[in-house]
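Here the structure is laid out as structure tokens; the discussion comes afterwards.
The values are calculated or read from the model by the stated rules, or taken from the named source; none is laboratory data. Nothing here was measured: the structure is a model prediction, and the numbers come from that model. Every residue, glycine among them, receives a Cβ derived from its backbone with ideal geometry; neighbour counts consider all protein chains shown.
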Amino acid sequence: MSAERVAFYIISALILGGAVAVLFSRIVIRAVVYLLVSLFGVAALYILLRADFLAAVQVLVYIGGITVLMVFGVMLTGAGRLDAPPSGSWKAFYAGVSSLALLALLGIVVGRTTWPTGGILPEEGSTSILGELFLRQHVMAFEVASVLLLVVLVGVALFIRLGRRKVAV
Amino acid sequence: MVSLTEYLVVAALLFTIGLLIVLYRSNAILVLIGIELMLNAANINFVAFSQALGGHAGQVFAVFVIVAAAAEAAVAIAIVVLLHQNLGTIDVEKARYLNG
Amino acid sequence: MNELARFLPTFLEGFNLSLPQNLVPVVAMFLCGSIVAAAMGLSAAVLVWAERKLAGHFQCRLGPVYVGGKFGWLQSIADGIKLFLKEDIIPTDADRPLFRLAPYLAVIGVLAAFVAFPISEHLLVADLNIGIFFILAVLTVEVFGVILAGWASNNKWSLLGAMRAAAQMVSSEIPMGLAILLPVMTAESLSLKTIVADQSGGILKWYVFQPPFFMAVAFLIFFVAGLASLKRSPFDLPEAESELTAGFHTEYSGMRFSFFFMAEYAGMLLVSGLAALLYLGGWHGILPGQSGVEWFLLKTSFLLFVMIWIRWTLPRLRIDQVVYVGWKVMTPFALVCVLGQAAAVHFRGG
């Protein structure tokens, strides 16, 4: 087995193990830590796929942004204590059946299709190529993404302010 | 050399677990985590295809997905905090005021 | 001698250790890691001693004088031994696994950043293609460790400290990232080595002294935001002793506490080193043609001195003031600087 393959299996085990741990975790903040493990694994997978820029973006946005935001959410809502998953309900059954059906479907698609092979990315980094792509070919999408972020920024601030005044109950 | 199929299998499994979390757990923050996992599974696919096809379009798409995920997380956390302020709980099963 | 990451495997092969061929990179990786960690431990010890000595003189007293003879230079070693031997206490109500994990996350984030950190033209672990971006990314892990520590301690002061750390980090990281964009734009590279190479040729080539002077403003913003992200005074709200006991590390003792301590001092080294590399010409000297590690060390130590000076001079801000400075002062200024420098680079004939 090559070193790449060993790394791939270890990383995949981390990703999937973290995700399964989230599913069964009883404490929300620990679920966020398991998510962190999973996200780190995904970043490592990007490095394996020679997308080093994307790996850095993944760490910066997910670990520096989204998980910190989630911990913040947990702290503000006091949801960090015990929160057991529902047991023995029909919900678990329906969720399991529909997820397994989806997994079977995806398995069939992945197994039956002949996937393209042979394309190899150049060894040197992808950053400058990505920069060119963002600012030439995909500049429209790039600008739309920035508008989206601006809308979210203003929207969330407004949302919190309006939501505080009206109490639903 | 790890083949494309293996990456696709990992992504499919991750997506399924994410879906299971969204459907099974009722804590709003855990539901959000499930959605993030599903988005990550999609991203693994994009980057794996980008490698297999020898281009960078997949990576560009993945960056946009990450941007959308960040925006979505900010809105979702705001909703969770408001849910907590208005209902005193963040159990998504209990927020059913639009439920006729 | 070249990059450590490339040099070490050849170095190891020279020893004829009869290692299996595919284990050599792994062993080299561990060696790189241990070298970085040992160097950081040592410089943290020196920094702690320097800070105490300087604090003493700023306050018209002596600072440590007894341990190790004349200047008390063994004081931090003695403190280190004391921290090693102390009992490791975990509060009963703490979230034990997370409480244990948090200090490691904090210290790993900072140490990993040094992988892409060049000390001179030839002395660096690895010249990463995404250089400075990698450093920014792994530094965020440290903040997660701090927040986790505050939560897992199950103590109201720790929690308040962690909340402050999160708010402060978010508001300081954005101006910092924007300020870093200016040197990156000018050098047209993310690699720190290329950015420094672009500043060769005397003091007037350093980015701080480049004519439309947007980068001088960016340097100030970077330094202030860096202080805030390090939780250094006057932004030391997450651990404000007089209000929060010790903030996020109230419940930590012994070795676990010293990990946070080390993360802070390694972070100081990182921010002042980065400021020297990005804006002050790195290892290039004042006159054209001068270059060497000593210049880099000189600039870094000067910035460290300024940090210590600020700590013992300025009073602590309030949290709303910190957030105000981050969002309403530094971010708009940094945005203007980015636009101005972009115009400057464009009209330079790029």
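Worth pointing out:
- Meets criteria (more than 7 Å from every other protein chain (Cβ to nearest Cβ), outside any helix (DSSP H, G or I), surrounded by fewer than 15 Cβ atoms within 10 Å (Cβ to Cβ) and at pLDDT below 85) for A:G131: no
- Tabulated pairs, the range C:302-313, first closer than 16 Å to C:A240 by Cα, second part of a helix (DSSP H, G or I) and at pLDDT below 90, C-beta under 8 angstrom, 6+ apart or interchain: C:I310/C:L227; C:R311/C:E51; C:R311/C:A55; C:W312/C:L54; C:W312/C:A55; C:W312/C:F58; C:T313/C:F58
- Condition check for A:V37: within 21 Å of B:N27 (Cα to Cα) and surrounded by fewer than 18 Cβ atoms within 10 Å (Cβ to Cβ): yes
- Check on C:V170, surrounded by fewer than 24 Cβ atoms within 10 Å (Cβ to Cβ) and either away from chain A (no Cβ under 11 Å) or farther than 30 Å from C:A94 by Cα (or both): no
- Residue count for the range C:128-167, restricted to those that are surrounded by fewer than 24 Cβ atoms within 10 Å (Cβ to Cβ) and away from every other protein chain (no Cβ under 11 Å): 3
- Test: B:L20 is surrounded by fewer than 23 Cβ atoms within 10 Å (Cβ to Cβ) and either of a type in the set (A, V, I, L, M) or within 7 Å of another protein chain (Cβ to nearest Cβ) (or both): no
- Where a residue in the range B:43-61 is closer than 16 Å to B:V9 by Cα and its partner, wherever it lies, is in a loop (DSSP other than H, G, I, E, B) and of a type in the set (S, T, N, Q), with Cβ under 7 Å and at least six apart: B:A52/A:T117
- Members of the range A:56-65 that are more than 7 Å from chain C (Cβ to nearest Cβ) and surrounded by fewer than 24 Cβ atoms within 10 Å (Cβ to Cβ): A:V57, A:V61, A:G65
- The number of residues in the range A:10-31 being part of a helix (DSSP H, G or I) and more than 7 Å from chain B (Cβ to nearest Cβ) comes to 10.
- C:M255 being modelled with pLDDT of 80 or more and either assigned to a helix (DSSP H, G or I) or touching a strand residue (DSSP E or B) at 6+ places or on another chain (Cβ under 6 Å) (or both): no
- In the range C:79-95, the residues that are exposed (fewer than 14 other Cβ atoms within 10 Å of the Cβ) and either of a type in the set (V, I, T) or at pLDDT 80 or above (or both): C:I81, C:K82, C:F84, C:L85, C:I89, C:T92
- Restricting attention to the range A:29-56 and to residues that are within 16 Å of C:L101 (Cβ to Cβ) and touching a residue at least 40 places away in the same chain (Cβ under 8 Å), the residue that is nearest to the chain's Cα centre (by Cα) turns out to be A:V32.
- Matching residues, the range B:40-61, being under 13 Å from the mean Cα position of the chain (by Cα) and crowded, with 22+ Cβ neighbours inside 10 Å: B:N40, B:A41, B:N43, B:I44
- The residues listed here are C:V110, C:V125; of these, the one that is touching a residue at least 60 places away in the same chain (Cβ under 8 Å) and either surrounded by fewer than 18 Cβ atoms within 10 Å (Cβ to Cβ) or part of a helix (DSSP H, G or I) (or both) is C:V110.
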